[in-house]
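Below is one structure, written out as structure tokens, with a few remarks after it.
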Amino acid sequence: MWFALQLYRRLIDLQIRAQLQYRAAFFLEIVATVVTIFSFFGALVLVFQRFGSLGGWRLGEIAFLWGMVELSFGLMDMIFSGFDPADFGQQVRRGSFDQLLLRPASITLQVLGSKFVLRRLGRIIQGIVIFGLALYLADIQWSWAKLVYLPLVIASLICFFGGLFIVGATITFWTVESIEVINIFTYGGSELMAYPMHIYPDWLRRLFTYIIPAALLNYYPALFFLDKADPFRLPGFVPFLAPLVGPALLALALAFWRYGINHYQSTGS
């Protein structure tokens, strides 16, 4: 375990040093990311100035959902970049993944440490700012239970999105190229989770509650933090399932990943 942690630390250190060689370009890219994403949130603010609420949720409450998703997805995208299906599929196609199989180290650890994209800080900063705005506007009644539960929810969201990345990367063992349907559940899912679930059609809400349990990781915990009633009247323990659902999906994704490695056949490139 200690060797694995030391290896991961060294891999990440190399990634950070390489990315900071061109510091001006690095910081400009972060600024551009922040400005781009804030433009989308700015458009949402204008909508609220006109209509006042969305599905009965005010701006601060929407910002709470948005901030949690952006912060969690940004952290995940930084940590799990090595499993990004688009980039990983290119490694499989080129045959460079085969090189990892020859090294005397955990394949999972090598892929995890192969990319650590610092420019994702732009999305993380944006998530922090919007979440701070939510705390200012939403007037949340904090308790010790909420303070303890909040980091657990964010960690579970990271596990959830990271698990989806791993599933998408594993599928490329058979498809070689990444498939766009994974983007629907990762990037598209993060956009969907930024708004309250009750504004969506029933089939979409059920899909992202019972099949892809995204609602259990953001919307229902938000009901607890914001002291809002559940419009679907699910059992009272549902808002507290996030710490189980996120790690469980990550564990299933890793099991699928190991299955994919055991059945991997080189592309011959």
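The values are calculated or read from the model by the stated rules, or taken from the named source; none is laboratory data. Everything quoted here is computed from the prediction, not taken from an experiment. Note that each Cβ is placed from the backbone with ideal geometry, even for glycine, and that neighbours are counted across all protein chains shown.
General observations
- Of the residues making up region 193-200, not a single one is within 19 Å of Ala86 (Cβ to Cβ) and either of a type in the set (Asp, Glu) or modelled with pLDDT of 85 or more (or both).
- Which listed residue, of Phe232, Phe224, is more than 20 Å from Gly74 (Cα to Cα) and at pLDDT 95 or above: Phe224
- Taking the criterion of being of a type outside the set (Lys, Arg), farther than 15 Å from Val153 by Cβ and not in a helix (DSSP H, G or I), the residues of region 232-260 that qualify are Phe232, Leu234, Pro235, Gly236.
This table checks each residue for (1) part of a helix (DSSP H, G or I); (2) of a type in the set (Gly, Ala, Ser); (3) closer than 23 Å to Phe83 by Cα; (4) touching a residue at least 40 places away in the same chain (Cβ under 8 Å).
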position: Val167; (1), (2), (3), (4): yes, no, yes, yes
position: Thr172; (1), (2), (3), (4): yes, no, yes, yes
position: Phe208; (1), (2), (3), (4): yes, no, yes, no
position: Ala215; (1), (2), (3), (4): no, yes, no, no
position: Leu223; (1), (2), (3), (4): yes, no, no, no
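- Top-ranked residue of region 136-155 - restricted to ones that are without any contact (Cβ under 8 Å) to a residue 60 or more places away in the chain and assigned to a helix (DSSP H, G or I), ranked as surrounded by the fewest Cβ atoms within 10 Å (Cβ to Cβ): Trp144
- Filtering region 186-202 for residues that are of a type outside the set (S, T, N, Q), closer than 28 Å to Asp98 by Cβ, surrounded by fewer than 19 Cβ atoms within 10 Å (Cβ to Cβ) and touching a Lys or Arg at 6+ places or on another chain (Cβ under 8 Å) leaves an empty set.
- Selection status of Phe165, buried (at least 16 other Cβ atoms within 10 Å of the Cβ), touching an Asp or Glu at 6+ places or on another chain (Cβ under 7 Å), at pLDDT 90 or above and not aliphatic (A, V, I, L, M): yes
- The set of residues in region 90-124 being closer than 30 Å to Glu191 by Cβ and β-branched (Val, Ile, Thr) consists of Val92, Thr108, Val111, Val117, Ile124.
- Filter result for Val153 (within 16 Å of Phe73 (Cβ to Cβ) and at pLDDT below 85): no
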